[in-house]
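**Q** This is the structure I have questions about; it appears just below.
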Amino acid sequence: MKISFPIMGNSYVAFKQLLEDIGHEPLVPPMPSSRTMTLGTMYSPEFACIPFKILMGTYLEAIEKGAELIISSGGHGPCRAGYYGVLHQKIINDLGFNTKVMIFDSFNRTWKDFVSKLHWLLSSGKTSWWNFYKVFNVVFDKLVALDEIEILSYQVRPYETEKGRTSREYKKCLEIIDQARTRSQIKEAKEACFELLSSISQDKNRNVLKIGIVGEIYVLIEPFANLDIQATLGEMGVFTQRGTHLSQWWKENTKSANHEAKVIKAASPYLRELIGGHGILSVGETVLFAQRGYDGVIQLAPFSCIPEIVAKGILPQVSKDTGIPVLTVFLDEQTGKAGLQTRLEAFIDLLHQRRQKRLGGAVS
Amino acid sequence: MGLKIGFPRTLFYYLYYPFWHTFFTSLGFEVITSQPTNKLSLDMGVQEAVNDACLPIKIYHGHVAELKDKVDVLFLPRMVSVRKLDAETFCPKFLGLPDMIIHSIDGLPRIIDEKVHLARGWFPLWQLCRKVARHLEKGGWSVWKAYLQANKVQESYIKELASGISPQAALDGAITGSVQEPQPAPIPDVHLAILGYPYLIYDSFVNVGLFEKLAQMGIKAWTVEMVPPRRLEAQGRNLPKNLFWNFSNRTIRATFYYLQEQKTDGIVHVTAFGCGPDAMVDKLMELEAKNRGRVPFLTLSLDEHTGEAGVLTRIEAFVDMLRLRRGQHENIVSNNG
C-alpha cells in the first residue's frame, strides 16, 4: 500500500525506512515548496496556523502522486494540532478524494485505538509484532543519529571559512544516513558524517554569538516553515541551539527522558498552567537559556498560534527579570526571507553591542 | 459591606456571573463589575494586551484595567474545565489568562486566580467554592449556604437564557428572583441561528448591536444557549472526536442541532478575528452546512475596527439572499412575469 506522511525536517529519512521495513511502499511527498503552500492555503481555513496549511498542501501533493493512506500524529489539545487529522480528512473528502488520514493519538490516553491501528498496518504489510519491534529500534536509532548530525552542523556552521560548505556537506550526510539500513550501518554512517562535518575548515577565532531558539515544534523543526532560520543564523556567525528535537520529543512522550519536567519547573514563576502546544516550554527554555549565559533568544511561532501568543505575552517579563533579549517571530504564508533577514541582522547587531558593553565594562 | 470584589464584564461573565455574584454577596461582599464594554475598555485593552491576542482577550485586559483601582480584590478565575468530557478544556489563552494579566498590567490589587477544574475530584464545584472562600477568610455554614443559593440562581439564569430573552434581563431576573416574560414579538418571517461564543454574541459593543438590528429587521435569532441542554449534548455523536474547547463544542453541537431541526433559514457564525479554535470550528460549520442540505452560511468576523455599517450590509445582503431563495422555492412562476 502506498503510504505517505508529513515532512518535518529530516525525519522523513527515518519514517521512509520504517514504512519500507514493515512491508509498505513509502511515498515521500515532495519537499514543501511555494506550490505546497499555495495549495495548502487555498483549501485551509484562513486562520489555521501555518503547520496546518503546509500539511494540507503536502497531503494534496501526496494524493496527486497516488498516496492511498496518510499517517500522522494527533493529540489531545488544547493545541489545535490535535484536531488537524479530523479536519484534514473532512477537507480531503470535500475535495472529492477518498484517501484516508490515519491519526495516531497519544498511546497513554487511547491505547486501544493506537494498538488496533498499528495492528492493521502490520497485518496489511504482513509483518509480525516482533519484527516491528526490531524495525522500530533501528528507526529510532536513525532518528537520533539524524538529530545529532543536525546539531553538529549548527555547531560547525558559524565557524566555517567557506560560506555554505556546511549546508552542502549536511545534505550529503542525509544521503549517507538514508543508505544505512541496520543498527551497525547506522552507527558507521553516523561516524562518517561526524568526520565529514568536522573536517570542514573552521576559523575558531571568531566571536560567535549564542542564541537559543524556542517555540512551536513544527516551525522549529521544518526549515521550510521557518525560512531555514538556523542555517541563516549560522552563516551569519551565530551558534544556535533549540530546545526541541524530534527524537527528544519522542523520548519525552515515551517517558524515557525528563528534561521537560525541568523546563516546566523553570517556567513556573511565570506560567503556572500547562497551556497546550509548546507555550510553557517556550517560557521555561528562555529562563534556562538565560541561566546558561546565552546572548539572546528567538521565539518562533506560527501566526495565530494560541499557546505561543500566551508565551509572548509573558516573555517580556522573563526578559526584564533575567536580562536576556527575546525576539519573537510569527511566521505565516506571507513571511518573506528578506524581511526576516533584516530583523535577524538588527537583532544580532544589538546582541554584539551588548556583549561588547559587557566585556568592556568588566575590563574598565 | 465588606471587601469589594471585582468581576470583569466579559468572557465567562455571560455564562457564570450570576453564580459568583450570588456566592459573594451571600458571604457579605460587594461585587463590582466593570462597565459594559465601551470604547475606553477597548482602547485600554489594546494598549495593555500582547498585540497578537484576539479581540476578546484584549477587551478582558481593558476590563481588568478599568476595575483595578476600584476594588480590593480581583476575581480572575483560571478556567480549565467545567465538566468531564474527554480532554475538554478552554482555549489556551483562557488557561494562561491570569498569568498574562499579571505580567502585562501594573498596579493590580490582590488577585484570586483559583483554578476552575471541574472535570476532576468529588463535588469539584463545592471544593472550588471552599477554596475561593478561604482566600476571603470565610468558612463553615455560611459558605455552604452561599453555595446552595448560588447554584439555585445559576440554574434559573440558564433557564431564562434558554427562553430567548436578553442576557442582561435574564441576569437581573435571576438575581432579583423575578421571572421575566419574553416580549411578544411579531411573527418573524426569517429565522437565523446566530452561533458563536457568549462573549461575542451577548456583548452588543463588540458585535455592533447585531441583535437589535436583527429585531428591527423582523428576524428571529436563535443562539447556542437556546438549545435545550440535553439535545445539545446529544449532538456530540456527529463528530469522530470532540473538540478540545468547551465553548467550541457548544457551538458546533448547536450547529448540528439547528441543521437537524431545520428550524432556521440560515446560519451565521460570529467569530473574532484571529480566533484559534474558530479556525477549526468555522470550517467544520461551513462543511456541515454544505453537506446537510446546503443551508446558507455566513461568517461574521469581528475585530477592533469592525464598523456598524459593514456588519449591517452583510447581514442585509444575507437576509435578502435568504428571502430570494425562499421565493424561488415557493413560486415557480417568477415575480417578474
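**Q** Looking at the range A:39-72, which of its residues are among the charged types (D, E, K, R), free of Cβ contacts under 8 Å to residues at least 24 places away in the same chain and within 14 Å of another protein chain (Cβ to nearest Cβ)?
**A** A:Glu46
**Q** Does the range A:85-94 contain any residue that is part of a loop (DSSP other than H, G, I, E, B) and at the interface with chain B (Cβ under 8 Å from one of its Cβ atoms)?
**A** no
**Q** Same structure again: Report those helices (runs of 4 or more DSSP H) wholly inside the range B:1-79 carrying at least 3 residues which are among the hydroxyl-bearing types (Ser, Thr, Tyr).
**A** B:13-26
**Q** Take the range B:267-294 and flag every residue that is outside any helix (DSSP H, G or I) and either crowded, with 22+ Cβ neighbours inside 10 Å or modelled with pLDDT of 90 or more (or both).
**A** B:Ile267, B:Val268, B:His269, B:Val270, B:Thr271, B:Ala272, B:Cys275
**Q** Continuing with the same structure: If you scan the range B:218-231, which residues turn out to be of a type outside the set (D, E, K, R), within 17 Å of B:Gly196 (Cβ to Cβ) and in a helix (DSSP H, G or I)?
**A** Passing the criteria: B:Val224, B:Met226.
**Q** Ok, one more. Could you check A:Glu162 against (1) surrounded by 21 or more Cβ atoms within 10 Å (Cβ to Cβ); (2) over 19 Å from the mean Cα position of the chain (by Cα) and say which number it fails?
**A** A:Glu162 satisfies every listed condition except (1).
**Q** In this structure, does A:Val219 turn out to be of a type outside the set (Gly, Ala, Ser), in contact with a strand residue (DSSP E or B) (Cβ under 8 Å, 6 or more places away or on another chain) and part of a helix (DSSP H, G or I)?
**A** Taking the combined requirement at face value, the residue satisfies it.
**Q** Which one of B:Ala169, B:Ala254, B:Ala234, B:Ala215 is in a helix (DSSP H, G or I), among the small types (Gly, Ala, Ser) and either at positive phi or not assigned by TED's automatic domain parsing to the domain that holds B:Glu304 (or both)?
**A** The conditions single out B:Ala169.
**Q** Okay, moving on. Taking interchain pairs and intrachain pairs at least six residues apart, which have beta carbon atoms under 7 angstrom, with the first residue in the range B:258-284 and under 21 Å from B:Gly307 (Cα atoms) and within 14 Å of chain A (Cβ to nearest Cβ) and the second hydrophobic (A, V, I, L, M, F, W, C) and in a helix (DSSP H, G or I)?
**A** B:His269/B:Met285; B:Ala272/B:Leu55; B:Ala272/B:Leu200; B:Phe273/B:Leu55
**Q** Still on this structure, please answer the following. Can you tell me which residue is farthest from the other protein chains (Cβ to nearest Cβ) among those in the range B:237-251 that are over 13 Å from the mean Cα position of the chain (by Cα) and in a helix (DSSP H, G or I)?
**A** Looking at residues that are over 13 Å from the mean Cα position of the chain (by Cα) and in a helix (DSSP H, G or I), I get B:Arg237.
**Q** Determine whether A:Arg80 is within 22 Å of B:Asp86 (Cβ to Cβ), surrounded by 23 or more Cβ atoms within 10 Å (Cβ to Cβ) and modelled with pLDDT under 90.
**A** Here the answer is yes, as A:Arg80 does meet what is asked.
**Q** Moving to a separate point now. Could you tell me which numbered condition A:His278 fails, if it satisfies all but one of (1) out of contact with any Gly (no Cβ under 6 Å at 6 or more places or on another chain); (2) more than 14 Å from chain B (Cβ to nearest Cβ); (3) at pLDDT below 90?
**A** The one condition A:His278 does not meet is (2).
**Q** Looking only at the range B:247-265, count how many residues are touching a Leu at 6+ places or on another chain (Cβ under 8 Å) and modelled with pLDDT under 90.
**A** 2
**Q** Enumerate the pairs (first residue in the range B:199-210 and on the phi > 0 side of the Ramachandran plot; second residue anywhere and surrounded by 23 or more Cβ atoms within 10 Å (Cβ to Cβ) and part of a loop (DSSP other than H, G, I, E, B)) with beta-carbon separation below 8 Å, excluding pairs fewer than 6 apart on the same chain, so at least 6 apart or on different chains.
**A** No pair meets every condition.
**Q** Would you mind stating whether B:Lys84 is within 13 Å of chain A (Cβ to nearest Cβ), touching a Leu at 6+ places or on another chain (Cβ under 9 Å), surrounded by fewer than 20 Cβ atoms within 10 Å (Cβ to Cβ) and modelled with pLDDT under 90?
**A** Considered against the rule, which asks whether it is within 13 Å of chain A (Cβ to nearest Cβ), touching a Leu at 6+ places or on another chain (Cβ under 9 Å), surrounded by fewer than 20 Cβ atoms within 10 Å (Cβ to Cβ) and modelled with pLDDT under 90, B:Lys84 comes out as no.
**Q** Is the range A:245-265 home to any residue that is touching a helix residue (DSSP H, G or I) at 6+ places or on another chain (Cβ under 9 Å), part of a loop (DSSP other than H, G, I, E, B) and touching a residue at least 24 places away in the same chain (Cβ under 8 Å)?
**A** Yes, the range A:245-265 has at least one match.
**Q** Okay, next question. Kindly indicate whether A:Gln155 is more than 30 Å from B:Met285 (Cβ to Cβ), touching a strand residue (DSSP E or B) at 6+ places or on another chain (Cβ under 9 Å), of a type outside the set (Lys, Arg) and more than 14 Å from every other protein chain (Cβ to nearest Cβ).
**A** Here the answer is yes, as A:Gln155 does meet what is asked.
**Q** Give the range B:105-164 a look and list any residue that's over 20 Å from B:Phe75 (Cα atoms) and not in a helix (DSSP H, G or I), or say none.
**A** Listed by number, the residues that qualify are B:Ala119, B:Arg120, B:Gly121, B:Trp122, B:Phe123, B:Gly140, B:Ser163, B:Gly164.
**Q** For the range B:47-62, which positions are modelled with pLDDT of 90 or more, more than 16 Å from the chain's Cα centre (by Cα) and of a type outside the set (Gly, Ala, Ser)?
**A** B:His61, the sole residue that qualifies.
**Q** Okay, next question. What's the number of the condition B:Leu324 fails, among (1) part of a helix (DSSP H, G or I); (2) of a type outside the set (S, T, N, Q); (3) modelled with pLDDT of 90 or more?
**A** (3)
**Q** Name every residue in the range B:99-113 that is out of contact with any Pro (no Cβ under 6 Å at 6 or more places or on another chain) and either more than 8 Å from chain A (Cβ to nearest Cβ) or among the hydroxyl-bearing types (Ser, Thr, Tyr) (or both), in order of residue number.
**A** B:Ile101, B:Ile102, B:Ser104, B:Ile105, B:Asp106, B:Gly107, B:Leu108, B:Pro109, B:Arg110, B:Ile111, B:Ile112
**Q** Okay, next question. Suppose the filter is surrounded by fewer than 20 Cβ atoms within 10 Å (Cβ to Cβ), more than 10 Å from chain B (Cβ to nearest Cβ) and in a helix (DSSP H, G or I); does A:Ser116 pass it?
**A** Judged against the criteria, A:Ser116 is a match.
**Q** When you scan the range A:212-254, how many residues do you find that are closer than 15 Å to A:Leu152 by Cα, of a type outside the set (S, T, N, Q) and touching a Ser or Thr at 6+ places or on another chain (Cβ under 6 Å)?
**A** Final tally of qualifying residues: 2.
Yes/no per residue for (1) in contact (Cβ under 8 Å) with a residue 12 or more places away in the chain; (2) small (Gly, Ala, Ser); (3) more than 13 Å from chain B (Cβ to nearest Cβ):
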site	(1), (2), (3)
A:Leu274	no, no, no
A:Val287	yes, no, yes
A:Gln291	yes, no, yes
A:Val310	yes, no, no
A:Ile314	yes, no, no
A:Gly323	yes, yes, yes
A:Leu327	yes, no, yes
A:Asp332	yes, no, no
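**Q** If you don't mind, there's one more thing I want to ask. When B:Leu232 is evaluated against the numbered criteria (1) over 19 Å from the mean Cα position of the chain (by Cα); (2) under 28 Å from B:Met217 (Cβ atoms), which criterion, by number, is the only one it fails?
**A** Exception for B:Leu232: condition (1).
**Q** Looking at (1) outside any strand (DSSP E or B); (2) within 27 Å of B:Gly276 (Cα to Cα); (3) more than 14 Å from every other protein chain (Cβ to nearest Cβ); (4) in contact (Cβ under 8 Å) with a residue 12 or more places away in the chain, which is the only condition A:Phe347 fails?
**A** (2)
The values are calculated or read from the model by the stated rules, or taken from the named source; none is laboratory data. Fair warning: this is a prediction, and the values are worked out from it, not measured in the lab. Because the Cβ atoms are built from the backbone with ideal geometry, glycine has one as well, and the counts that use them run over all protein chains shown.
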